[in-house]
1. Give, as residue ranges, the helices (runs of 4 or more DSSP H) completely inside segment A:190-255 that count at least 1 residues that are within 30 Å of A:ALA319 (Cα to Cα) and within 21 Å of the chain's Cα centre (by Cα).
2. Under 8 Å between Cβ atoms, at least 6 apart or on separate chains: pull out the pairs that start in segment A:48-61 with a residue that is in contact (Cβ under 8 Å) with a residue 60 or more places away in the chain and end on any residue that is assigned to a helix (DSSP H, G or I) and acidic (Asp, Glu).
3. Considering each residue of segment A:79-111, count those that are under 18 Å from the mean Cα position of the chain (by Cα) and either modelled with pLDDT under 85 or aliphatic (A, V, I, L, M) (or both), and give that number.
4. Of all residues in segment A:167-194, count the ones that are at the interface with another protein chain (Cβ under 7 Å from one of its Cβ atoms) and closer than 25 Å to A:GLU126 by Cβ.
5. Mind checking which residues of segment A:355-395 are β-branched (Val, Ile, Thr) and not in a helix (DSSP H, G or I)?
6. Restricting segment A:195-248 to residues that are over 24 Å from A:TYR320 (Cβ atoms) and aromatic (Phe, Trp, Tyr), which is farthest from the other protein chains (Cβ to nearest Cβ)?
7. Could you tell me whether A:LEU70 is of a type in the set (A, V, I, L, M, F, W, C), buried (at least 20 other Cβ atoms within 10 Å of the Cβ), in a helix (DSSP H, G or I) and touching a residue at least 60 places away in the same chain (Cβ under 8 Å)?
Amino acid sequence: MISLLQTNNASGLKDQLGNLSEDVWMLAPEISVVITLLLLLGFDLLFRKNKETGLAAIAFCGLASTFTLLTFQWVNFSTDFMVMGKLLRYDQLSLFLKLIFTLGGALGLVIATRNENRNYLFRSGESMVVLFGLLLGVFLMTMSVNLLMIYLSVEVVSICSYILTGILKGKKKSEAALKYLLFGAVSAAVMLYGISWLYGFTGTLDITSQAFINGLSEVPALPLAIALIMTLGGIIFKLGAVPFHIWSPDVYEAAPTAVVSIFSTLPKLAALTILFRLVNILPAEWFDWQLILGVIALASMIFGNFSALWQKDVKRMLAYSSIAHAGFLLVGLIAWTEAGNTAMLFYGAMYLVMNFAAFLLVAIMEKHTGSSTFEDLRGFGTALPFAGVLAVVVMVSLTGLPPTVGFNAKLYVFSAIWEAYQVQNNPVLLWVFVVGLLNTVVALFYYLKLPYYLFFKAGPETISKKLSATDHIWGTIMVFPLLLWFFQSEWLMDILNSINFVF
Amino acid sequence: MPVEHLLFLGAVLFCIGLFVVLTRKNAIAVLIGVELMLNASNINLVAFGHFDPDFLQGQIFALFVITVAAAEAAVALAIVVKVYQYFQTADLDKISELKG
């Protein structure tokens, strides 16, 4: 009997190892990121000369090879797949997000080269290594379907974020890193306690398995709600929505602009994916997640928009705007229809493009004026009309007005939730719809405050009137799509519609 | 030992940890509170893992948590040292340059 068991186990293990080595090909992009990370580490240790060029070359080559691998996987995609013993899920949703994350990582590095303190990120090998660690973490977050993997990937992203906030010298940076760390550690601990109860209820960590769903259906409503809300807490923290948003304005103000542009997009979208996968398996009868996420979305929109009105610093304003955008991202999820999922993904992709464009312009402004407060940016648009106009386009797009792609994104999200309301008749959806639209009007005031300061306030004559050619080119490359996709959004929508959201 | 006792211990430990986090002003004390909360989850995981004899997922999870907690503590203490260099204190009320 015992020997029979042992042989069974041995052959099972052999099969499992065989499966794992097949799965390695599915994880080729992640392996590419890890190899880049190791090369960066080795280069940083071995070479002293031409460090900036070498690190930049390795980083961009690594991102390019990751992007190529992902494109290859996307084109040859046949069917959803569980990899690494059901720890991760290989599907089109994660592939699409990983593609735009790779692009986002590259744009973040471009922004780093545009700063007044040129190449500060490339000078220290450590921050490049940690940046790629963050990229690996967000890749894994998009694929996680196991509670252990969700916890680990969220922690990888969190720990890398703490380091990136505080690694460069500065009093404000160290303070922001400490606040970020304390909020992050507490919310991760709360999430972990929730996860431990979910494991206790179901006896499994695999959220896609039938045992998990069966286990949850047998639990009384109150303990289930407490465990699920605690688990959601850690993910909401990464999403930066109310009530776990307190860290974001401080971190955004203090951290380097390139790093902030990555913080404000990649982990948020990755957290949204985890949230999507988690609520996907919860039938509404046991746990009214639409109500809870609806309240979170409403609170984020209202709090983010109204707090942004009083900000004196552009980066801080963008931090509050990103809290509001986290609310808008949730709107598509709450609709809980095929159209809502597509709209959420469209909004996410466009939010990423808009935010990188906005932070590129902030980096250019910082380079010319040495500060990112509204007062110091007076007259910037008059001195540098081209950059000023680009900033206006980005702000209009973030508000969600035509003729920019921000309008399409908001249109899709709100039409999805309106349609969902007409079918499901859930009053939460109506509230989200109405308050969301009203919030867009509020957003208009603070987004247009920047153009007002740039063009209509007389500034000092000291602003240098010369915009470098590279800034011209990058500004055009990042802002032009916002106008182009307003007219050609079908192009992206066709790609998104081909994604199969069925779980 | 019945599993209820372990779960009760975990819940008490979690509440003590949360209380420490919310009331203490010193950054190091807050970190100690976080460690208590993490260990409360570990007790839960190991207790529940007892009913999962085939895969022992709870025990494995607890091992991962211990490792991650160590990594987090290393980063946390490095940041606290850095903050101390600039502010000459680890009192969270006095570390407030960023406002608004």
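1. It comes to A:221-239, A:247-254.
2. Close Cβ pairs (under 8 Å, with a partner that is assigned to a helix (DSSP H, G or I) and acidic (Asp, Glu)) amount to A:LYS51/A:ASP44; A:LEU55/A:ASP44.
3. So the answer is 11.
4. The total comes to 10.
5. Answer for segment A:355-395, where residues must be β-branched (Val, Ile, Thr) and not in a helix (DSSP H, G or I): just A:THR373.
6. A:PHE212
7. Criteria not met by A:LEU70.
So that you can scan it fast, the table gives a plain yes or no per residue for (1) of a type in the set (A, V, I, L, M, F, W, C); (2) farther than 30 Å from A:GLU285 by Cβ:
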site	(1), (2)
A:GLN424	no, no
A:TRP431	yes, no
A:GLY436	no, no
A:LEU444	yes, yes
A:TYR453	no, yes
A:GLY459	no, yes
A:ILE463	yes, yes
A:MET478	yes, yes
A:ASN500	no, no
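The values are calculated or read from the model by the stated rules, or taken from the named source; none is laboratory data. This structure is a prediction, so every number in the text was calculated from the model and none was measured. Note: ideal-geometry Cβ built from the backbone for every residue, glycine included; neighbour counts use all protein chains shown.
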